[in-house]
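Comments concern the structure below.
The values are calculated or read from the model by the stated rules, or taken from the named source; none is laboratory data. Everything numeric in this text was worked out from a predicted model, so none of it was measured. Cβ coordinates were reconstructed from backbone atoms using ideal geometry, including for glycine residues, and neighbour counts include every protein chain displayed. Calculation scope for accessible area: heavy atoms of the full protein, side chains included, ligands and nucleic acids excluded. Shrake-Rupley method; radii C 1.70, N 1.55, O 1.52, S 1.80 Å.
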Amino acid sequence: MLANDRGDLSILSSRGLDAAYIRSFGSQGGDAISNIILQKRSPMLVQDITQHPEFLSPDRHHYKTRSFISCPILFRNHPLGIINVNDKKDGAPFSHDELELLQIIANNAAVALENAALLNRLKSAAADLEQMNRRLIDSDIVKTEFLMSISHELRTPLNAIKGANLLPGQP
């Protein structure tokens, strides 16, 4: 899940979730688990969801097992999103080692997301500089044409006056 500028989450990628749930997720403002993870900015390992009444709700039909791990994607303590993993194939609860692995993945994802954002900003700045450079070139061309026109307009009468003042036989 990725967070937008306001901190609202939307599912960027998923596996095994119903398409209707994914579409409704962003419009509902996320769910209780993702909002708690985002607010606390700390990872969570739940081995049995029934032991956490704050997470029990009828819309948890997408959890087939009772265990999940969730980790915020943070860059300099700024939340970029959340990685949530649930439903191990063997149905076993998640372990602390798996939570640590997810934290490593989340840290790498944070760096990659921030690098992508920086690259986008650099591309935008480069495009702005290119546009300013084109404007400078255009203004330089207009300036040169203006100076050539002024020079021509001033030389023509001066040459005529100079030619009229010369005595025959003078250089």
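Straight-line reach from LYS89: taking Cα to Cα under 18 Å and skipping same-chain neighbours fewer than 8 places apart, the lysines in range are LYS64.
I need the Debye-formula profile for the chain: one equal scatterer per C-alpha, no solvent, reported as log10 I(q)/I(0) at q = 0.10, 0.16 1/Å, two decimals. Those come out to -0.55, -0.98, one per q.
Residues whose amide H comes within less than 5 Å of that of ILE73, counting only those at least five positions distant or on another chain, are LEU80, GLY81, ILE82, ILE83 (H built at 1.01 Å from N in the peptide plane). The residue among ALA126, VAL111, SER139 whose Cα reaches farthest toward the positive pole of the charge dipole of the chain, with charges on the beta-carbon of Lys, Arg, Asp and Glu, is SER139.
In the neighborhood of LYS88, defined by Cβ-to-Cβ distances under 15 Å, what is the net charge if each Lys or Arg adds +1 and each Asp or Glu adds -1? Residues close to LYS88 contribute a combined charge of -1. The lysines whose alpha-carbon is closer than 29 Å to the alpha-carbon of LYS143, local same-chain residues fewer than 8 away aside, are LYS162. Built from the Cα atoms of the stretch 64-154, the convex hull projects on average onto 9.3 nm², one quarter of its surface area.
What net charge do the residues around LEU74 carry, taking every other residue with its C-beta under 13 Å from that of LEU74, with Lys and Arg at +1 and Asp and Glu at -1?
On the way: positive: LYS40, ARG41, ARG76; negative: GLU114.
Here the count lands on +2.
Annotation: MET148 carries an accessible surface of approximately 130 Å², with a 1.4 Å probe and no ligand, DNA or RNA atoms counted. Solvent-accessible area assigned to carbon and sulfur over the chain amounts to 57 percent, based on a 1.4 Å probe. Computed over neighbours whose Cβ is under 13 Å from that of MET148, the net charge equals -1, Lys and Arg +1, Asp and Glu -1.
In this Cβ point-charge picture (+1 for Lys and Arg, -1 for Asp and Glu), the chain has a dipole of about 420 debye about its Cα centre. Largest GNM mean-square fluctuation among ILE11, ILE137, ILE73, using the chain with Cα springs under 10 Å: ILE137.
Please compute the per residue accessible area over the stretch 77-139 with all protein chains in place, 1.4 Å probe, rounded to a whole number of Å².
Values: 4440 Å² over 63 residues.
For the stretch 77-139, the per-residue accessible area is 70 Å².
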